[in-house]
Amino acid sequence: MQGQSQQQAYDRGITIFSPDGRLYQVEYAREAVKRGTASIGVKTDDGVVFAVDKRFRSPLMERESVEKMHKADDHIGIASAGHVADARQLIDFARRQAQVEQLRYGEPIGVETITKEVTDHIQQYTQVGGARPFGVALIIGGIEDGEPRLFETDPSGTSSEWQALAIGSGRSEMIEYLEGNYQESMDLQGGIGLALETLAESVDGGLTPEGIGVATIDVETERFAELPDDEVDSYLDEYELLESDDEDTDE
């Protein structure tokens with residue numbers, strides 16, 4: 001009983017390490033990320049691609065209200081997995097940091113700089129009493145000095161740079177698919193195709209333009225741009241990822 005009560009104390013306290021060096025609340029936050037719908041990021045020679053699962057719970061929901069992909073600055077985008085409200089707070093923070101950098105130095109913020117600002121902010125919530133960690137992971141990508149860059153943030157406040165990554169439900173299977181199919185020399189269209197194919201690994205029955213979101217930031221324009229549904233539909237058709245309409249119905 002004494003050992004159990006001690007474990008419960010470590011469980012409740014975000015600022016207390018367990019004897020084996022774990023912060024249980026951070027681990028629970030990671031579990032919240034695993035329960036979120038998937039988001040994919042792919043870096044290519046021509047830019048960065050984001051693809052997200054935007055399936056909604058009811059056909060009565062307005063599609064635009066499902067928040068999975070955001071523009072942090074003209075040249076930086078963010079995709080999330082986990083608690084949407086937590087993601088919104090971090091994205092608002094990232095936007096403010098981008099504005100501060102522009103006003104202070106007269107130049108756009110770097111992708112690595114904004115990632116470190118966000119992760120420093122996240123890390124504070126792992127060692128302050130009376131607060132909880134952010135239950136969300138972010139994919140932060142954009143163009144820095146003419147080069148595409150792609151980062152992941154973790155609820156612990158750790159960041160890592162990737163060529164391609166996936167967060168959210170089905171991460172292991174999606175990472176395995178990316179590892180087997182990613183090519184460093186692929187162009188932006190190839191990156192979109194790979195991101196959609198990877199996203200299909202986490203979705204049963206195929207994809208629909210209404211149920212996903214795709215955005216790119218290309219090296220030439222350095223502008224975050226979401227793809228319209230008809231363009232997404234053409235990619236899904238090209239890669240044979242469209243959800244089948246042939247379903248048997250019983251009267």
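Tell me, which residue of segment 126-145 that is modelled with pLDDT of 95 or more and open to solvent by 30 Å² or more (accessible area, probe 1.4 Å) is farthest from residue 47 (Cα to Cα)? Looking at the filtered set, the residue picked out is 145. Among the residues of segment 74-89, those that are surrounded by fewer than 23 Cβ atoms within 10 Å (Cβ to Cβ) and aliphatic (A, V, I, L, M) comprise 84, 85.
Checked against the criterion of being at pLDDT 95 or above, assigned to a strand (DSSP E or B) and either in contact with a Leu (Cβ under 8 Å, 6 or more places away or on another chain) or among the polar types (S, T, N, Q) (or both), segment 20-38 has no qualifying residue.
For (1) acidic (Asp, Glu); (2) under 19 Å from the mean Cα position of the chain (by Cα); (3) open to solvent by 60 Å² or more (accessible area, probe 1.4 Å), each residue gets a yes or a no:
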{"position": "155", "(1), (2), (3)": "no, yes, no"}
{"position": "172", "(1), (2), (3)": "no, yes, yes"}
{"position": "175", "(1), (2), (3)": "no, yes, no"}
{"position": "199", "(1), (2), (3)": "no, yes, no"}
{"position": "210", "(1), (2), (3)": "yes, yes, yes"}
{"position": "213", "(1), (2), (3)": "no, yes, no"}
{"position": "219", "(1), (2), (3)": "no, no, no"}
{"position": "230", "(1), (2), (3)": "yes, no, yes"}
{"position": "237", "(1), (2), (3)": "yes, no, yes"}
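Here residue 99 clears all of (1) surrounded by fewer than 17 Cβ atoms within 10 Å (Cβ to Cβ); (2) closer than 26 Å to residue 31 by Cα; (3) of a type in the set (S, T, N, Q) except the condition numbered (2). For segment 194-244, filtering for residues that are of a type in the set (Asp, Glu) and outside any helix (DSSP H, G or I) leaves 8. Residue-level check: of (1) over 21 Å from residue 222 (Cα atoms); (2) at pLDDT below 95, residue 93 misses just (2). Within segment 62-73, being open to solvent by less than 60 Å² (accessible area, probe 1.4 Å) and either of a type in the set (Val, Ile, Thr) or not in a helix (DSSP H, G or I) (or both) holds for 66, 68, 69, 70, 72, 73.
Does any residue in segment 213-231 that is within 16 Å of residue 68 (Cβ to Cβ) come within less than 7 Å, Cβ to Cβ, of a residue that is part of a helix (DSSP H, G or I) and charged (D, E, K, R) six or more places away or on a different chain, and which pairs are these? Taking only residues 6 or more apart or on different chains, the pairs are 229/210.
Of the residues making up segment 157-167, those that are small (Gly, Ala, Ser), open to solvent by less than 30 Å² (accessible area, probe 1.4 Å) and assigned to a strand (DSSP E or B) are 164, 166.
The values are calculated or read from the model by the stated rules, or taken from the named source; none is laboratory data. Note that this is a predicted model, so its numbers are computed, not measured. Using ideal geometry, Cβ is built from the backbone for each residue, glycine included, and neighbour counts are taken over all protein chains shown. Accessible surface areas use protein heavy atoms only, side chains included; no ligands, DNA or RNA. Shrake-Rupley method; radii C 1.70, N 1.55, O 1.52, S 1.80 Å.
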